[in-house]
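Novice: First the structure, which I've put down as structure tokens, then a few questions once you've had a look.
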Amino acid sequence: MNGVIIALKEEITSINDISDDVKVYETNFFKYYIFSKNNNNFVLVFSGVGKANSAACTIDLIKTFNVKNILNIGVCGTNKNDIEKNSVTVLSRNYYLDVDATEFGYSFGQVPKELEFFENENEFNNKIKKILKENNIEFKQCYGATIDSFINNKNIDKFVDNDLFEKVSCFDMESCSIKQIASKAKTNTSFIKVISDNIRGKTNEYIETKETWPKTVTKIINLIINNF
């Protein structure tokens, strides 16, 4: 079984655009959408926004379905001017941006007694990148940072005063917590993020692309499940 985690329903056009034969299964915490394609089984879930929701969703997904692979796909912001809106990125490394235990000798962004960052070098991620390349989907590999804040030009000054901010290129609210839990379960992961806005740009810039990125996310999911 292969899992797909998306933060919000608004990040795709419709579950029916992904499969017209979906079975629904509910636990006490989440609603799951199960479907098959080319003899491969998939389960899709909307985790909700933020680290707590995505971590809880990852645990529930793994325990309920014993998934071997998890794809987290959705939208994120960038701080780089050379990454255009609605472009596709694949995260090769995950960091936290709002963890500071440096007083105890840890690196900025490192949860005590956890890894400083989480790598995404695994067979599943390589397979995802191969599918994108074979279907002429251009993507940039980069580092991602997870934070429980939506960063824009109103609050960006709170987060730029560290070396990690410039090291990463994508900012979301779920990826690193998904990866942290998945790594403990030895579950393979891949993270695809479609750029919704430049966090240095004007306020609510992501609204300008809101009609575009659900189509892009849905298209990529369909390419993956049809070619998996």
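Novice: I'd like the distance separating the alpha-carbon centroids of the range 87-140 and the range 152-228, in whole Å.
Specialist: 11 Å
Novice: Residue 85: net charge of surrounding residues, Cβ under 10 Å, Lys/Arg +1, Asp/Glu -1, itself excluded?
Specialist: Net local charge, residue 85 excluded: -4.
Novice: Around residue 4, which amide H atoms from residues at least 5 apart in sequence, or from another chain, sit under 5 Å from its own amide H, with H modelled in the peptide plane?
Specialist: 43, 44, 45, 71
Novice: Could you sort out which of 9/140; 37/202; 68/133; 133/210; 130/215; 23/202 sit more than 32 Å apart by Cα distance in this structure?
Specialist: Pairs exceeding the cut-off: 37/202; 23/202.
Novice: Between residue 226 and residue 100, what is the label-point separation in nm under the 7 Å Cα-to-beta-carbon projection?
Specialist: Modelled inter-label distance: 4.8 nm.
Novice: Find the relative contact order for the range 1-152 and round it to a whole percent, using C-alpha pairs within less than 8 Å whose residues are 6+ positions apart.
Specialist: Answer for the range 1-152 is 23 percent.
Novice: Right, here's the next one. Whole-Hz ³J(HN,Hα) for each residue in the range 110-125, computed from phi via Karplus 6.51 cos²θ - 1.76 cosθ + 1.60 with θ = phi - 60°, x for glycine and proline: what do you get?
Specialist: Couplings: 9, 6, x, 6, 10, 5, 5, 8, 10, 7, 10, 8, 7, 4, 5, 4 Hz.
Novice: Can I ask one more? Counting only heavy atoms of the protein chains, get the accessible area per residue of the chain (1.4 Å probe) and round it to a whole Å² value.
Specialist: For the chain, the solvent-accessible area averages 48 Å² per residue.
Novice: When the accessible area of the chain is split by element with a 1.4 Å probe, what percent falls to carbon and sulfur?
Specialist: Here carbon and sulfur together make up 45 percent of the probe-accessible area.
Novice: Hey, got the dipole for the chain? About the Cα centre, +1 on K and R Cβ, -1 on D and E Cβ, debye to the nearest 20?
Specialist: That gives the chain a dipole magnitude of about 620 debye.
The values are calculated or read from the model by the stated rules, or taken from the named source; none is laboratory data. The structure presented is a predicted model; accordingly, all values stated were derived computationally and were not measured. Counting neighbours? That spans all protein chains shown, and the Cβs are built from the backbone with ideal geometry, glycine included. Side chains are part of the model used for accessible areas, which takes the heavy atoms of the whole protein and leaves out ligands, DNA and RNA. Shrake-Rupley method; radii C 1.70, N 1.55, O 1.52, S 1.80 Å.
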